[in-house]
Structures are given as structure tokens and as C-alpha cells.
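K.L.:
My questions will all concern the structure given below.
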Amino acid sequence: MAGLATSLGAGAATNSLEQMKDIDTIFLFGSNPTEAHPIVSLHLKKALFKGAKLVVGDPRKTWMAKRADVWLNLKPGTNIALLNGIINVILKNGWENKEFIKNRTEDFKELKVKVKEYDLKKVEKITGVSKENIIEAARLYSHADKAMIVYGLGVTEHKSGTENAMAIANLALVCGHIGRPSTGIMALRGQNNVQGSSDLGPLPATLPGYQSVTDRKSRLKFEKAWGVSMSPKIGLKSVEMLDEAIKKKFKGLFILGEDPAQTDPNAHEAREALKSLDFLVVQDIFLTETTKFADVILPGASFAEKDGTFTNGERRVQRIRKAVKPVAGKAEWEVICEIATRMGYPMHYDHPSEIMDE
């Protein structure tokens, strides 16, 4: 999210799923859509059956990797070196889209200087990928008419996940593969409604709709709506919160539907951080690894117990209606409202639609 937002202005996919069928070159990076995103996989297979070329960057020999024209079987954690190496090959051979770079990008000279550090010999040693495969991947992607990079948690669930996504954006921008039908970047999320949640403003640097917390006009608008004074300071990311907890500078957390003790890039460090907190509340539908560190555990609600919307990876907003009442008696938003009210900030809504309207 943050990586694409920094590079492109929005932390979201640039194209629809339907456009995938017309891709002529697919660059699949750190994702196994056949198992993890079957609908996306079907769209990609349509393109493959029509003759699309396939480049796969993944340590695992997945279904897609077995059928790839080029399989970049990189060592885990070497994504940036590989991507910068590919960009370097493209620039050395003059395969970049010069007109697009001139008219639509910024700071290209700085990127060019940086990727020069990633020569083929160095990248091969770091990543374990052969020079021949790196060159062929660069050629296929840069020479394509309609190319799309599709990436998943194999890219983002790293301590350098933001930088990985920025490197992917750099590759697309250097080749001008963005801003056209069937040409762009598709970020595959790890959980349902990650896109929709992010759209509504929980990221530390943004307000709802990705309006910056550092922008005075945006802050004034929300200060008026919410009746509070807002800081222009960018908050901490989740990993940074845990770092501060270890230093005893961060005292408490309310974790909702997340399991950092199990899923964070450094699970050992995450557990040490959770132990260091003075107070931890976890709200979930399962007794996760993180709940073992909780002072208070609150019941969550499953998808079948909720009203509202889910936004999928292509930013399509989908209406959902609860099939049954929450077994615990309340949906998460109702619990949050009650806690906020008891802490002195009254929050009263009768339905999730009122939250969306706000």
C-alpha cells in the first residue's frame, strides 16, 4: 500500500481484473494466484491461453512457475536486488520508454545512478538467478505492448515490503507500462477487504480517501467533521509500533483481526514487543497466537455476521449483508463505538452505512 502510494499517488491496483485477459506479457512476482487468488488466476490463464508471455519471480516452483517462459527462482529476501538488476539491464540496452519517462516521471536520473550498482554479476550472486534469465525477463517485459506486474505477499510481507513495492513501480514506470488498458500493476492483497479498509484512512500518513495528514486543508475538513484537533505528524506503522514497544515507549495496543505474533516479518521480535506492552486488547474470531499475550480478548464477528461493504483488489466496492446476527451479540464497529463513548468521545451509529456516509 505505502509503496505504491509513494510512487504512484494511490496504494491500489491500476487496472481491472477484466483487463487481464488482453495482457501480452505477465510479470508475476511473489504470488501464487492458482491457490491464493483463484479468480485472478482464471483471468491470467485466459491471457496465457491467448499466447501471453509469462515471467515468474518466486523461490517456489508454483503452477505458474512451471509454465513460465522465464522463471526467476530468486533467493528469499532478494527482491530489490533482482528488480534493480532488471531495470539496469533495460537502461543499459536502451529498452526504456524515454518519452514516458520525460513526460510522466520524476527523479529518473537518481534512479539511473542507483541501479548502476546492480550489475548482472552482482545480482546473480545476490539472488541466485542466472544472468541469462535476468536479461530475458528484462527483454520480455520492456518489449511488451501490454504488460502487467502482478504481485502478492511474497513481495509485501517483508521488513522491506514498502521498498519492494516501490521497486516494482519503478520498473513499470521505466518501461511506460502504466496508465493504459491491460497495462499496469495489480497488487494482490493477503486478506479480504484490505483495500477497502485502507481506503477509509487507517494508514499512519493518510486520512480517508488517502488525503495526507500533513495537508492543512485536508486536516481542517476532518477536524470540522469530527470535532477534534488533529496533529500534522505522520503516525507509526505497525512494525514501528512494535519497535517502540520493545523500547518501552509504546504502552498499549488494540489489535483487531490481526495476528502479528504469527504473521509479522520478524515474529520473534513481534512477540517480544507484545510481551513488553503494559496493556493489550485483541478482538478476533479465533484464539490466535497474538491472543496469548492479551490482557483482554474481545469476540469478533465473521463475514457472515456483518453488514457493510468489501472492496476487492481491483477497487470494486461490493455490498455484503449479514446472514445471521453476531454470535457475540455485537459487530466490531459497535464494540469500538462503545469503547470510544466510555473513554469520553461519544460515537453513536445505527448502521455501518452511517459510518460510510461520514
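K.L.:
Residues A261, A273, A267, A245: which one is hydrophobic (A, V, I, L, M, F, W, C), touching a helix residue (DSSP H, G or I) at 6+ places or on another chain (Cβ under 8 Å), in the same structural domain as H348 (by the TED database) and surrounded by fewer than 18 Cβ atoms within 10 Å (Cβ to Cβ)?
P.N.:
Sole residue among the options that is hydrophobic (A, V, I, L, M, F, W, C), touching a helix residue (DSSP H, G or I) at 6+ places or on another chain (Cβ under 8 Å), in the same structural domain as H348 (by the TED database) and surrounded by fewer than 18 Cβ atoms within 10 Å (Cβ to Cβ): A267.
K.L.:
Also, quick follow-up: Across region 296-325, what is the total count of residues that are farther than 15 Å from F286 by Cβ, modelled with pLDDT of 90 or more and assigned to a loop (DSSP other than H, G, I, E, B)?
P.N.:
7
K.L.:
Select from region 226-262 the residues that are basic (K, R) and free of Cβ contacts under 8 Å to residues at least 60 places away in the same chain and write down the one among them that is nearest to T162 (Cα to Cα).
P.N.:
K233
K.L.:
Does V40 satisfy the condition of being under 20 Å from G152 (Cα atoms) and either touching an Asp or Glu at 6+ places or on another chain (Cβ under 8 Å) or not in a helix (DSSP H, G or I) (or both)?
P.N.:
no
K.L.:
Can you find, within region 341-358, the residue that is nearest to the chain's Cα centre (by Cα) among those that are assigned to a helix (DSSP H, G or I) and within 28 Å of Q318 (Cα to Cα)?
P.N.:
Residue satisfying both the conditions and the ranking: M356.
K.L.:
Kindly establish whether T105 is within 25 Å of the chain's Cα centre (by Cα), buried (at least 17 other Cβ atoms within 10 Å of the Cβ) and modelled with pLDDT under 95.
P.N.:
no
Here's the yes/no breakdown for (1) in the same structural domain as P346 (by the TED database); (2) surrounded by fewer than 20 Cβ atoms within 10 Å (Cβ to Cβ); (3) of a type in the set (A, V, I, L, M, F, W, C); (4) outside any strand (DSSP E or B):
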{"residue": "I134", "(1), (2), (3), (4)": "no, no, yes, yes"}
{"residue": "A138", "(1), (2), (3), (4)": "no, no, yes, yes"}
{"residue": "Y141", "(1), (2), (3), (4)": "no, no, no, yes"}
{"residue": "E163", "(1), (2), (3), (4)": "no, yes, no, yes"}
{"residue": "L171", "(1), (2), (3), (4)": "no, no, yes, yes"}
{"residue": "S197", "(1), (2), (3), (4)": "no, yes, no, yes"}
{"residue": "T214", "(1), (2), (3), (4)": "no, yes, no, yes"}
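K.L.:
Can I ask one more? Which of the residues belonging to region 43-67 are free of Cβ contacts under 8 Å to residues at least 40 places away in the same chain, under 15 Å from A147 (Cα atoms), not in a strand (DSSP E or B) and not charged (D, E, K, R)?
P.N.:
Those that are free of Cβ contacts under 8 Å to residues at least 40 places away in the same chain, under 15 Å from A147 (Cα atoms), not in a strand (DSSP E or B) and not charged (D, E, K, R): H43, A47, L48, G51, A52.
K.L.:
Could you go through region 254-261 and let me know if any residue there is among the β-branched types (V, I, T) and at pLDDT 90 or above.
P.N.:
Yes; the residues of region 254-261 include at least one that is among the β-branched types (V, I, T) and at pLDDT 90 or above.
The values are calculated or read from the model by the stated rules, or taken from the named source; none is laboratory data. Treat the numbers as computed from the prediction; the structure is a model and nothing was measured. Cβ coordinates were reconstructed from backbone atoms using ideal geometry, including for glycine residues, and neighbour counts include every protein chain displayed.
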